[in-house]
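These notes concern the structure reproduced below.
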Amino acid sequence: MKKDPRRRKVYAYRGRQRNMFHTRHRFRSVLSVLLTILIILLLVAAGYFAAGPLSRLWHKWRGSEDSAPEPSRMVTEDSSLPEVTSVPQTTTAVPPDVSTETTTAQFTTTAVPTADIGLKSYTYVGYCLGEDALKNTFALDAALAELPAGSCVIVPLKCEGGALLYRSEVQGAVASGATGDAALTIAEIAEALQAHQLSGIAQLALLEDTYYPAYDPTAGFLLEDGFSRWLDNKPEKGGKPWMSPFSDSAIGYLQALTGEIMQAGFPLILCTDLEYPAFYNTDLELLGNQVQNRQTRAEALIQVLNSVNQTASDQGGAAMYGFSLYDALNRDAEALQPVILNTQSAVVYIDPNSFRDSFWYNNANVNLSGLSMPEKLEVLMPIAQELCGDMHLIPCFRERSFRQQEQEQAEAWLHANGYAQYMFR
């Protein structure tokens, strides 16, 4: 090899051509890779365990940062500063003038004859009255005049959101603004039904109520700290509290409304919206175990319904549980436990045309595609009756989801199979 005349050694940089796993350094190379992977796993684990506490702190201090309102978003505030809707703002909650004592009736699993639960002993069709019919006496008379005498009418007296469509005299209803611009008294509504020879069932949307818990913060959902309350959005975005089934004040308010309605002559109370808000996981963490445990959630809902039923029973009436068959099959009707429910009848909302796809029930795949209306009822009605247990089943159908021929087929099937009462809404 020719030597450099200046006798210098020439070095060439060949780093890019080095073999990282050269045989001389194989152990050191493998150890380096393993240590790198271990460090990455430790960082990932630390981040995972830190995310939960950081998320809870972030939600507790700041609430949600989303710009658009969500169906259910955790926001907290001091429960001593309620946001009252449609009434003057106050800085302290005024305790409602209703009794919060509740009494639970004895459990019953015996089928009850129709005549014993305040329903007509002969065949009749029930109809649902629109909310607009309660705007004034003229609208009410016009709506009732369209119904055949002897029919049963479901009258919406407490709507989703908590608004009352009649002039209640219950203090909590008046002070919270729930009565709003209601024009009719409960006595005037009852007299109109009697004048048109109609039987009335009062419908109350129980827990989807933002009025009363704004008036009395203890009626809403409180966080585990005992004084911060849950809102469905940030206050500046119109967040509102929801009525909690765990609140004695909420139950007392519903019992007071029930007593007022029963005294006006309504024999039955149809209880709907017996459900929880759609909580986020972060909401559940801040609210605690009572809204996380499925059985605890169900028992609280059942206590509300049983308390309303007890108040109605004390005055010679009864409460009915209204739920959707579709929700029940999707396990969303949490209070549907007939063994511990004291209600003797259930109004089940059934829309046969909503079951477009197959579904599973009792480990069997049920497919309604291609079936006629009578064939659909042949499948769905036994399922509804099984879910109701010993409760008297009154099916309620959405009239607009039927074609005229389908409605006639449905009514013919109901009569042929011994269903003396059914309703359309």
Treating each Cα of the stretch 162-291 as an identical point scatterer and ignoring solvent, apply the Debye formula and state log10 I(q)/I(0) at q = 0.11 Å⁻¹. -0.44
Residues of the stretch 350-374 with amide N under 19 Å of a point placed 7 Å along Cα→Cβ from Arg331: 358-366
Which of the GluC sites (Glu not before Pro) found in the stretch 211-301 are loop residues per DSSP with 12 or fewer other Cβ atoms within 10 Å of their Cβ? Glu224
Based on DSSP, what percent of beta bridges with both residues in the stretch 267-412 are antiparallel, to the nearest 5? 20
Solvent-accessible area of Trp242, probe 1.4 Å, all protein chains present, reported in Å² to the nearest ten, please. 40
Within the under-13-Å Cβ sphere about Phe138, not counting Phe138, Lys/Arg +1 and Asp/Glu -1 give a net charge of -2
If amide hydrogens are placed 1.01 Å from N in the peptide plane, which non-local residues have theirs closer than 5 Å to the one on Met320? Ile269, Leu270, Cys271
So if I restrict to the alpha-carbon atoms in the stretch 213-281, what is the Rg, and what is Dmax, the biggest pairwise distance, in Å? 14.4, 44
Using just the alpha carbons, could you tell me how many Å³ per residue the convex hull of the stretch 332-375 encloses? 120
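Taking 0.36 nm per residue of sequence separation and subtracting the Cα-Cα distance, how much length would be gained by fully extending the chain between Ile340 and Arg403, in nm to one decimal?
Working: separation 63, 0.36 × 63 = 22.68 nm, distance 3.82 nm.
Difference between extended and current length: 18.9 nm.
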Just flag the trypsin sites (Lys or Arg not before Pro) in the stretch 365-405 sitting in loop per DSSP whose Cβ has no more than 13 other Cβ atoms within 10 Å. Arg403
Amide H to amide H under 5 Å from Phe424: which residues, 5+ apart in sequence or cross-chain, H placed 1.01 Å off N in plane? Gly126, Tyr127, Cys128, Phe397
Length gained when the stretch Asp351-Ala149 is fully extended (0.36 nm per residue, less Cα-Cα span): 70.1 nm
Hey, can you grab everything whose amide H is under 5 Å from the amide H of Gly200? Only 5+ residues off in sequence or another chain; H modelled, so Pro and N-termini drop out. Val153
Leu34 versus Gln263, label points 7 Å from Cα toward the beta carbon: distance in nm? 8.1
HN-Hα J couplings of the stretch 194-203 from phi, Karplus 6.51/-1.76/1.60, θ = phi - 60°, integer Hz, Gly and Pro as x? 5, 5, 9, 6, 10, 9, x, 10, 7, 9
Compute, for Asp225, the solvent-accessible surface of its heavy atoms (probe 1.4 Å) with the complete set of protein chains present, and express it in square angstrom to the nearest 10. 60
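The values are calculated or read from the model by the stated rules, or taken from the named source; none is laboratory data. Here the structure is a predicted model, which is why all the values come from computation and not from measurement. Please note: Cβ atoms are built from the backbone with ideal geometry, for glycine as well, and neighbour counts cover all protein chains shown. Keep in mind that these areas ignore ligands, DNA and RNA; they rest on the heavy atoms of the full protein, side chains included. Shrake-Rupley method; radii C 1.70, N 1.55, O 1.52, S 1.80 Å.
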